[in-house]
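This report refers to the structure that appears directly beneath it.
The values are calculated or read from the model by the stated rules, or taken from the named source; none is laboratory data. Source: prediction; values computed, not measured. For neighbour counting, all protein chains shown are included, and Cβ atoms are generated from backbone atoms with ideal geometry for every residue, glycine included.
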Amino acid sequence: MDKTVVIQKMLTMLSETQEKELTCDEVFAALDQFAELAARGEDVSKLMPLIQHHLNMCGDCMEEYQTLHKIVMNPA
């Protein structure tokens, strides 16, 4: 990745840091509930803003959420 892009991404993440941040473990513990609410059409960004914020900032957790969301939306 281009050094300029990496620096810009880091600056963006720093500027969006909040006073209360969740860890990946905390987000993972609530991810199933978050996915269920999203699947029902609930406004998860208002219901669980700290989780939404973390997902916006953390690519690994976002990837986990997207996988879980697909499963919830298309149960076997």
task = Please work out which one of (1) modelled with pLDDT of 80 or more; (2) not in a helix (DSSP H, G or I) is the condition GLN18 fails and give its number.
result = (1)
task = Report the residue count in the range 48-73 for those that are over 8 Å from the mean Cα position of the chain (by Cα) and either on the phi > 0 side of the Ramachandran plot or loosely packed, with under 14 Cβ neighbours inside 10 Å (or both).
result = 8
